[in-house]
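Data block below; observations after.
The values are calculated or read from the model by the stated rules, or taken from the named source; none is laboratory data. Remember, predicted model here, so these are calculated numbers, not experimental data. Every residue, glycine as well, gets a Cβ built from its backbone with ideal geometry; the counts of neighbours run over all protein chains shown.
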Amino acid sequence: MQNKKAFWVLVFTLYNACLTVSASPFTGPSDSLLDILQKAGSRMLHLPDENQRLAAADSIHSALWLYLQKGGAHEEVKRAVPNISVLQATDKRVTLMTYVVPRKGGIYEYHGILMTQTTQQMLRCHVLKDVWSPDLEEKPAGEPEFFRGSAPQWPGALIYHIEGLKHKDKTYYLLLGYRPQSASQGQKIIDVLTLDSKGLPRFGAPVFSLTHFQDKKFKRRPLRLFLRYNGQVSASVRWDPSVRRVLLDHLVPRQAEMKGFYSSYAPDLSTDALVWRKGKFHWEENIDVRSPVKPTRVKRAPQDGLSAPHQP
């Protein structure tokens with residue numbers, strides 16, 4: 001309880017102090033802030049005591065915020081702390097930094113800082129707290145696919161890809177993240193971030209034009225999707241820029257009677273897709289992802305008296 005109270009004091013102190021920042025660079029940050037980040041990043045993963053790991057995450061919050069306030073480069077954060085995911089959209093209006101703290105019992109806690117730029121060339125910084133954090137007593141009611149969050153509320157995940165997608169005068173930022181549920185169940189999240197005219201974020205958008213996903217039916221368009229699977233296997237969710245689509249491993253239960261029990265789901269070697277078209281993601285099953293370019297075989301000269309391999 002004490003850790004939770006201290007964290008929220010830190011969140012709201014930083015959030016209120018940093019809502020608006022001039023886009024012009026500050027005086028360069030001292031190297032000591034990067035040192036703090038580097039040490040805290042290692043402690044956050046490797047200290048044996050959970051409270052110490054959470055305290056290290058709080059240190060990252062404050063040090064990272066001060067570093068960004070002083071105009072610190074995102075690339076330096078990535079080099080100093082490899083376990084912080086640092087992503088910037090191609091239009092440079094959004095920079096997202098996310099990291100994860102291992103908790104007891106095989107669960108995880110997600111943290112993040114989001115920097116957004118408005119049309120007035122002003123930077124805003126948002127401290128993100130996972131709305132499904134294990135420390136929160138009150139969590140959003142209803143299905144997570146329909147939660148609509150704003151800073152500091154956030155459907156937490158370790159975000160590994162961000163993609164800006166435009167439709168008319170609106171920009172949607174696709175977020176692909178990793179959010180394992182437990183040791184027995186893995187999970188990937190496909191979320192969407194939008195910004196209002198003041199640079200304030202909203203997580204979740206009704207851009208998924210489908211009525212069911214992974215054996216789950218929806219009565220209305222979901223705001224995000226979760227791909228759930230057995231924790232002992234891996235499942236791929238990746239962006240394909242050539243066709244502007246998300247490629248997903250198709251997952252099935254090991255036995256038909258296990259339908260809906262996602263800890264039994266695994267890839268069946270086929271691929272599905274969410275194709276971005278006219279401002280919506282459209283579902284396509286069992287697509288062919290093979291390259292149309294056929295590989296060529298190169299005959300190599302014999303080396304040191306060895307005969308060339310037989311070409312079948």
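Of the strands (runs of 3 or more DSSP E) that lie entirely inside region 53-172, those containing 2 or more residues that are touching a helix residue (DSSP H, G or I) at 6+ places or on another chain (Cβ under 8 Å) span 85-88, 94-102, 108-117, 122-130. On the stretch given as region 68-79, residues that are buried (at least 20 other Cβ atoms within 10 Å of the Cβ) and either at pLDDT 90 or above or farther than 13 Å from residue 115 by Cα (or both) total 1. Looking across region 260-278 at every residue that is surrounded by fewer than 13 Cβ atoms within 10 Å (Cβ to Cβ) and in contact (Cβ under 8 Å) with a residue 40 or more places away in the chain, the one that is nearest to residue 176 (Cα to Cα) is identified as 278.
Looking at 194, 118, 171 in this structure, which one is under 21 Å from residue 68 (Cβ atoms) and of a type in the set (S, T, N, Q)?
118
Number of residues in region 262-272 that are within 11 Å of residue 215 (Cα to Cα) and more than 24 Å from the chain's Cα centre (by Cα) equals 0.
Tell me, which strands (runs of 3 or more DSSP E) lie completely within region 178-256 with 2 or more residues that are out of contact with any His (no Cβ under 7 Å at 6 or more places or on another chain) and within 14 Å of residue 283 (Cβ to Cβ)?
Strands (runs of 3 or more DSSP E) meeting the threshold: 225-230, 245-253.
Please determine whether any residue of region 123-133 is crowded, with 18+ Cβ neighbours inside 10 Å and under 17 Å from residue 206 (Cα atoms). No. Evaluate region 159-166: report whether one residue or more is small (Gly, Ala, Ser), closer than 20 Å to residue 89 by Cα, in contact (Cβ under 8 Å) with a residue 24 or more places away in the chain and surrounded by fewer than 19 Cβ atoms within 10 Å (Cβ to Cβ). Yes: region 159-166 contains one or more residues that are small (Gly, Ala, Ser), closer than 20 Å to residue 89 by Cα, in contact (Cβ under 8 Å) with a residue 24 or more places away in the chain and surrounded by fewer than 19 Cβ atoms within 10 Å (Cβ to Cβ). For first residues located in region 35-53 and hydroxyl-bearing (Ser, Thr, Tyr), partners that are modelled with pLDDT of 90 or more and surrounded by 16 or more Cβ atoms within 10 Å (Cβ to Cβ) and lie 6+ apart or on another chain with Cβ distances below 9 Å form the pairs 42/56; 42/81. Could you say whether any residue in region 184-191 is within 15 Å of the chain's Cα centre (by Cα), of a type in the set (Lys, Arg) and either over 23 Å from residue 290 (Cα atoms) or surrounded by fewer than 20 Cβ atoms within 10 Å (Cβ to Cβ) (or both)? The answer is yes; a qualifying residue exists. With the structure loaded, tell me whether residue 128 is within 18 Å of residue 224 (Cα to Cα), at pLDDT below 95 and touching a Ser or Thr at 6+ places or on another chain (Cβ under 8 Å) or whether it fails that test. Against the criterion (within 18 Å of residue 224 (Cα to Cα), at pLDDT below 95 and touching a Ser or Thr at 6+ places or on another chain (Cβ under 8 Å)), residue 128 qualifies.
Out of all the residues in region 59-75, which are within 20 Å of the chain's Cα centre (by Cα) and under 24 Å from residue 102 (Cβ atoms)? Scanning region 59-75 gives 60, 61, 64, 65.
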